[in-house]
Amino acid sequence: MKIRKKYIYIVVALILFTSCEDFLEKEPFHQPVQQNFWQTSEDVESGLNGAYALLRVAFNDKVAYYTYGDVPSDQFSYTGYEDYDNIRMYNLGERLNENSSYRTMVHMRDWTNFYKVINHVNTIIAKTQEISVNEFDSEQDKNNKIGEAYFLRGFTYFYMTRIWGDLPLLTEYIRDPVNQPYVARSPKEEIWDQINSDLTMASDLLTWGYNRGVNNAIRGSKGATLATLAHLHAWQGNYDQVANVTQTLLENGGYALIPGNQYETMFDNPTTENIFEISSQLEDEEEFQEDGEFTIGRKLLKFPYTVREFQVEPEWRFDVNRFRTLFNVQDGETNDSIPDLRLQQVFEDIGSFMPITTKYDNTGFEFPDETRGFYVDNNIIIFRLAGIMLLRAEALAAMGQTSGSIELLDQVRARVGLEPYNGEQELFTAVMEERARELWAEGHRFYDMIRMKREVPTFQFSFINDDDFQAEKYYWPIEPLLRTNDPELEQTEFWRSRI
Amino acid sequence: MEKKYNFRILKILFVIITTSLFCDTISAQQVSGVVSDAKLGEPLLGVTVIEKGSSNGTTTDMDGRFSLRVRDKKGGALIFSFIGYKRDTVPIANQDYMKIELNEELGQLKEVVINAGYGQMKKDMTTGSVASISGEDLQDLPTTTVVEALQGRIAGLNVLGTSGAPGAQGIITLRGNTSMNPDTRSQPLYVIDGVIMDPEVSGAAQAGLNPLALLNPNDIKSIDVLKDAAAATIYGARGANGVIIVTTKRASSNKPQITVRTEIGMSTRPALRPVMVGAAERRFKMNYLKNNLTNPEQRRLLSLMLTDSLNTAFNNNSDWQDMLIQGALTKEGNVAISGRTETSDFRMSLNYYDEEGVIKNSGFSRMSANLMYNFRPVEKFRINSNVSFTHVGRKQGNGDYLFRFSGWNFPSSFWQITETEREYHTGALEDVRNKNDFFLFNGNLNLQYDFNNHLKFTSNIVGNLNYSREDRFQPGYVAWNGIANATSNSSDNRYYSVENYFNFTTKFNTESHNFNAVIGQSFEEQYSANTYSQGRDIPVTAIKTIQGLPDKNTTTSTYNGERSLASFFTRLSYDYKQKYLISANYRIDGSSRFGRDNRWAYFPSISGGWIITNENFFPESKAFSFVKLRGSYGITGREPGGLYQSYQGLRSDINYYNNIYTQSYGGAGFIVPNYVENVSSPGLSWEQTSQTNLGIELRFLENRISLTGEVYERYTADLLFSRQIPAITGYSNALDNTMDVLNQGWELTLGASIVQNEKFRWRSDLTIAHNENIVAKTPGGRDITSAWFSVSQGGPLYNYKVWETDGVYPRTSDVPVDPLTGERMRQGWSGGNQYEGGDPRRIDQNNDYIIDGNDLVSYGSSDPDLYGGWNNTFNYKGFSLSVQCNFVYGRNILNGYLSDKLNGASNNANNMWGSISGPASDLGDYSFWINPGDDTEYPRIIPNNIDQWNIQSSSFIEDGSFFRVKFINLGYSIPRALSENLGLDRARLWGSVNNVWTYSDSTLLDPEAVAPNGYASAQAYPVPNKFSLGIEVAF
């Protein structure tokens, strides 16, 4: 009897032992998980870095940053094979089948890359606020990090709203993406309000000098926040607000133009002029592609300005007439004879039929012996001081504050060795033309042209006529698959019957 | 929640234990003993023992033992009866311990005792759907694994070899597919001697092996297949796709016996695909190009390989296929030693199997050692132990595709094959290294304690350790990118499980009420670890491992994963006078893979049966020996996919372009959500299958003919499937319980002893099953499509979605014109290319004059409508002949070989046709459009308007039905008199053939050797014919 009882006790003990939930609680070792990751200041820091890395993916995917900002502009007369030339001509309505996910057109019409940033930042904002301030260096450290997150959200929405106009507005951390309800697009005015509020919040939380070390234009700062806010106001046509914001930025930002004879250096490393840019450096293995097909180097460079010997011509070719008119270059001219230091510093073969810019010419091969792994080691410059000065000049010109505008315009011109503004050209146009020269192939020209058209109705787009401009053709269509997966989404208005 | 259940279970346990303790009184009138087979000496399980002149009785246990309280120990007698054996009446004559030997009744079906999971049961008394096959039927066949021998043997079990590669996994699916992965088919759960092997997470599965491939086929005593919910619910959590239970052999006779067995086999060179070589190829291609290349620029750019017929580098007539294949040898050796005493028995077996592949440098070898030792220190306590070790080695050429040439880049015969190339392609290159090993160590300790005649406690402890490792090296001159590289991939799995259960049997009112209960619990835990390393740019070919490389040239990643499962289960069975049977199962499983709120699942089942022949009103008739009706309903489950379904992962890298990962931003590391993979959520839960089954079992003419019929309906709900979610979440795809699949069908099993007398016996077995596979629910009711396959509500899982194509347009004027626009049919969209003469005539299903996704139609699937087998066994004196056939019907397969080939044929033909064989294969049999007016089967090879017409066209889908004589086996047992003279217990010789003859309408080399999704790739491993000769002696 005794033995039997012992057996029973063992069995009972075994059953009880196994009953605990703990036995069934297994957490993964191989990856951190959303549910329990966010604990310290360092976690937030790596999360913020992740947000920039995601933004970099969005900008590098099919060279999106330049494809959105430069390809459909008057800078190019041919932008190569596949879909780039259709994008240049603003033929964005081609319907593609489900096997076309590799196509540039599909990538460009798809905003998923940007929503990856938005959701990640929403998570950071929500989770960081829950972390005790004791986990941070100081209260300001916490504020700066939250501020940076708000900047990232404001900036990303701003970048998107210039492309698509109306957007689904998400500002909360999505706990259960699997059961996320469908979200419709909010009118762009609501998006702009959200951007305004995010950037104002960021500006309040961030301190001057935060992230103002030499290399830290690659992270958000108060300067970058105000630069974005100024651009938002310009996009909205609130030029008086542009003037206010840029004034604050110019007075307190501590940024300075670099000398004209060092013009090229700001494309290699952040200088006192750089306000915000996206890091793309080889040492991070950030730019390594087997043949570099989708790098800015393949699009804009030719041998010998790139290490790829077989690249005898750039894939994207300047509109030579426009280029020559803009920079006042004659046929056959070489860049030593030109007063504009920009031409000397970052352009080549300017008088030929195939001029190029060497802003992004730090090229190399990951495996030089096999000429494999073509890379470009240049950051993506988004905002820099000269651009902001000209944006302010634009605003002042539009508001009729001529002298203030000319003063800024002349500062930018003088830096590159040009004569002061002579009044030949109408001032607003002159400022916009200076922006075109200053920011050639820096992802701004298409948006500048839209602002130009709003102020100067006689200005003409090659591929968007006046009626289509009124109908806001310049906002991109969204990839139809997005609508299949989210039936609440409407197609961008202009494209409804055209895709 | 689970605590509540525990208490309930404890309460029940307590009641059972206490009541049974009272019954436990040993009587002076007790008789015990053992019953065995007179010929084989094997203990017989399930023999009915009844005291003569009463209804007092019992049945024997798995050692053939019984123990019974008798009324009259002195003058009474015991009757031993067992179907298939002669009934025996033995006087007790005051014996305490009796040894009984029963003689086989020739030609009769034997009583089948099945392993129902946590207990044995007589098949006649079960209410669930269970099919069994004896190990004898699976032996002596020239197969790499036992899986192949199961083909067509069990109604409803669809076994198809997808490749002729030795040890390839193939399809083994019970009652229809529920796998949401188009490239695989669902598999049943395997239970080998009580060790549960989940086909998805066991180490074997991770190494790409079927758990049955690890078994020595000669160790198998029987295989039981639990088909319906009533049978499988006892394995609830994982029984949704059926359960295959393997029981291995135990010592058979009382005297120590040594069995030695050896077999040698040969695989013949498989058939080749017809190709044109040398001058014939050149003439064919040039002729075709001359007629088709209209653009003078293209004519000018003809590949040198075509035009320069004098250059020795490419004026050859190399036959690439021929170089790769060979006739191959198979060797097998097997030794088993067994013995038995009053209190213990053991069996030890060693097996060595080595098969060369018919593609050079491919092969499979298995070495296994198995020791089973069972010991009964006291009458009531039994220790069963089993230890096995298995090693599987696979030769896989250079480690990529065994058959090295895909359809589209199959090289032209013009190439000269250099010695290096020959060595490389045949995997014989000394510089290349590819080593692939799998080790399995398995230990099983089973403790049984009999409290009394009624109550038995079993504790089963299983430990399982396996390890697989793959080391490869490729020198730079053969690597695709010219860079020498070495990889090492190893993984190990540790697994243990503990099961405790009580078995309770009792009878009330003598024989009228029979009651049996099983109740227990189990828990298991698995830990998996994996290490993958890669080294690039290895400077010296003599170094074949990852050694001395700079950091940037090496990559290492490790993975660790854990899972656990806790379960409680019970089964209650009751019968009244063996006429009315009822049984209920209940199982509760909790899995670590799901979130706290969704991890527990409940799996009930209920079943009943009626044995009409045991009714008093049923007339004693020769015609009907046995009639049983039964029905069941129940729910089984499956825990799918990844180990950490409830968590949303974060990553420290981003896939930013073509799998180029970046790990830092501005020199600092980062964290981002795992947007790459499917996002999951704590809301995910079990997949559940509810199944209804109705069956009838009939036996006629003194059990000479048996017929079993089944009808079933299996509804699998909440299958985890990756569905696209709104992109505004940042994620593209989410795993969700979103798919429902219905499988319904019927099964027939017919067995007959057609002739039976002392000299000659002929037995014939036929199985046939029909299954219909219907997708009942898709996410949002939408179709899920890829290039060829689609899932749509109401259709089967992964049917072909293609444009119905009816030949070609002979002339441009034959293309239909849209009356509204006056324009010809367009491809793709309203701005797409217009069709011309020589383009495929795709049917415009919706008459909008645009051929697009809306015109795709369903075109069948690769899962058969009907499948089964027909087996005949003849015995004449010592000779035996068995012929096994199997068939599938109503199955469509995709001629990917032709489709791929035409892909290579069409692109850039003027240039490409030099280096690749292109159309110079067997395309001579097909007609292609050349000149306007040609009315041909296929469009022009060199395309004009309609890009890639070789994809998504009904022209490539064909009937994959076949009937195959799979095995013929001829054996001879040396007469006993002779073998005894030789000092042998017995001796047997046999010869057999695998893959004898096939009938099929398919144009493919082998309609069975296609991928599970039906795609017959050019790279499919050909299926050889195999012959073998063997001998077995026992002494």
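The values are calculated or read from the model by the stated rules, or taken from the named source; none is laboratory data. Just so we're clear, the structure is a prediction, and the values are computed from it rather than from any experiment. Heads up, the Cβs are rebuilt from the backbone with ideal geometry, glycines too, and the neighbour counts pull from every protein chain shown. For accessibility, only protein heavy atoms count, side chains too; no ligands or nucleic acids. Shrake-Rupley method; radii C 1.70, N 1.55, O 1.52, S 1.80 Å.
Checked against a 28 Å cut-off, the cross-linked pairs B:K39/B:K227; A:K26/B:K435; B:K577/B:K622; B:K99/B:K227; A:K299/B:K901 give Cα-Cα distances beyond that limit for B:K39/B:K227; A:K26/B:K435; B:K99/B:K227; A:K299/B:K901. Surface burial for B against A, with a 1.4 Å probe and both sides summed, reaches about 7400 Å² of accessible area. The slack between B:I612 and B:L329, meaning 0.36 nm per residue of separation minus the straight C-alpha distance, is 96.5 nm. Okay, which of region B:236-277 sit inside 16 Å, backbone N to the point 7 Å along the Cα-Cβ direction of B:I1031? Taking a point 7 Å out along Cα→Cβ of B:I1031, the residues of region B:236-277 whose backbone N falls under 16 Å are B:259-265.
Could you compute Rg(Cα) / (2.2 N^0.38 Å) for chain B, with N its residue count?
Values: Rg = 31.9 Å, N = 1035, 2.2 N^0.38 = 30.8 Å.
It is 1.04.
Each part reduced to its alpha carbon centroid, region A:482-499 and region B:800-840 end up 28 Å apart. If you plug the beta carbon distance of A:D336 and A:Q411 into 1/(1 + (r/R0)^6) with R0 = 35 Å, you get a FRET efficiency near 0.90.
The H on the amide N of B:I725, modeled in the peptide plane, is under 5 Å from the matching H of B:N733, B:A734, each at least 5 residues off or on a different chain. Paramagnetic label reach from A:S100 (point 7 Å along Cα→Cβ; backbone nitrogen cut-off under 11 Å): within region A:70-90, residues A:83. Our note on the geometry: Cα centres of region B:974-1012 and region A:225-244, 85 Å apart. Here is what passes the span test in chain B: the DSSP H helices with alpha carbon length of 20 Å or more along the helix axis and a Kyte-Doolittle mean of 0.5 or above are B:2-23.
For the peptides B:709-721, B:218-230, A:330-342, the ranking by mean Cβ contacts within 10 Å, running from highest to lowest, is B:218-230, B:709-721, A:330-342.
Where only protein heavy atoms count, and the probe is 1.4 Å, what is the accessible area per residue for chain A in Å²? Working shown, then result.
Values: 18560 Å² over 499 residues.
Solvent-accessible surface per residue comes out at 37 Å².
Return the distance in nm (one decimal) between the two label points of a simple spin-label model at B:E823 and B:E104, each offset 7 Å from Cα along Cα→Cβ. Label at B:E823, label at B:E104, 7.8 nm between them. Over the protein assembly as shown, what percent of the accessible surface lies on carbon and sulfur atoms, probe 1.4 Å? Using a 1.4 Å probe with all protein chains present, the protein assembly as shown comes out at 52 percent carbon and sulfur.
On full extension of the chain, what length is gained from B:D934 through B:S858, given 0.36 nm per residue of separation minus the C-alpha to C-alpha distance?
That pair, B:D934 and B:S858, stretches by 24.5 nm at full extension.
Within region B:452-486, the chymotrypsin sites (Phe, Trp or Tyr not before Pro) that combine a DSSP coil assignment with at most 13 other C-beta atoms in a 10 angstrom radius are B:Y477, B:W480. The residues of region B:555-584 occluded by other protein chains by 50 Å² or more of accessible area, set against the chain on its own, are B:E562; surface from heavy atoms, 1.4 Å probe.
With R₀ set to 56 Å, the beta-carbon distance separating A:F23 from A:Q262 gives a calculated FRET efficiency near 0.25.
Whenever you get a sec, line up B:T558, B:T785, B:T805, A:T228 from highest to lowest accessible area (probe 1.4 Å, protein heavy atoms).
Values: B:T558 95, B:T785 65, B:T805 25, A:T228 0 Å².
Sorted by accessible area, descending: B:T558, B:T785, B:T805, A:T228.
What separates the Cα centres of region B:525-600 and region A:334-353 is a distance of 64 Å. Take the Cα of B:L350, go 7 Å toward its beta carbon, and none of the backbone nitrogen atoms of region B:1015-1035 fall under 11 Å from that spot. Taking 30 Å as R0, compute the FRET efficiency from the Cβ-Cβ separation of A:A184 and A:A126 and round it to 0.05. Step by step, r from the Cβ atoms, then E = 0.85.
Among the residues of region A:105-135, those with an accessible-area drop of 50 Å² or more from chain alone to full protein complex, heavy atoms and 1.4 Å probe, are A:K116. Calculated translational diffusion coefficient of the protein assembly as shown (25 °C, 0.890 mPa s; Stokes-Einstein with Kirkwood radius over alpha-carbon pairs) equals 66 µm²/s. Take each residue in B:829-836, count the other chain C-beta atoms within 10 Å of its C-beta, and the mean is 2.
Extension gain for B:Y97 to B:I337 (0.36 nm times residue separation, less C-alpha to C-alpha distance): 83.7 nm. What distance in nm separates the two pseudo spin-label positions at B:E758 and A:D137, each 7 Å out from Cα along the beta-carbon direction? Label at B:E758, label at A:D137, 10.3 nm between them.
For a test of the definition: using alpha carbon positions, the gyration tensor, and the 1.5 limit on a/c, classify region A:282-378 as rounded, prolate or oblate.
Working: a/c = 2.59, a/b = 2.24, b/c = 1.16.
Cα axes put region A:282-378 in the prolate bin.
Peptides A:294-305, A:172-183 ranked from most to least packed, by the mean per-residue count of other Cβ atoms within 10 Å: A:294-305, A:172-183. Cross-link reach is defined here as a Cα-Cα straight distance under 28 Å, omitting same-chain residues fewer than 8 places apart; for A:K188 the lysines meeting it are A:K62, A:K116, A:K127, A:K145, A:K222, A:K453, A:K473. Think of it as helices only: each DSSP H run of n ≥ 4 in chain A is worth -39500 (n - 2.57), and spread over all residues that comes to -14500 deg cm²/dmol at 222 nm.
With a 10 Å cut-off around each Cβ of B:643-653, the average count of Cβ atoms from other chains is 6.
Modelled spin-label separation between A:F463 and B:M266, with each label point placed 7 Å from Cα along the Cα-to-Cβ direction: 7.0 nm.
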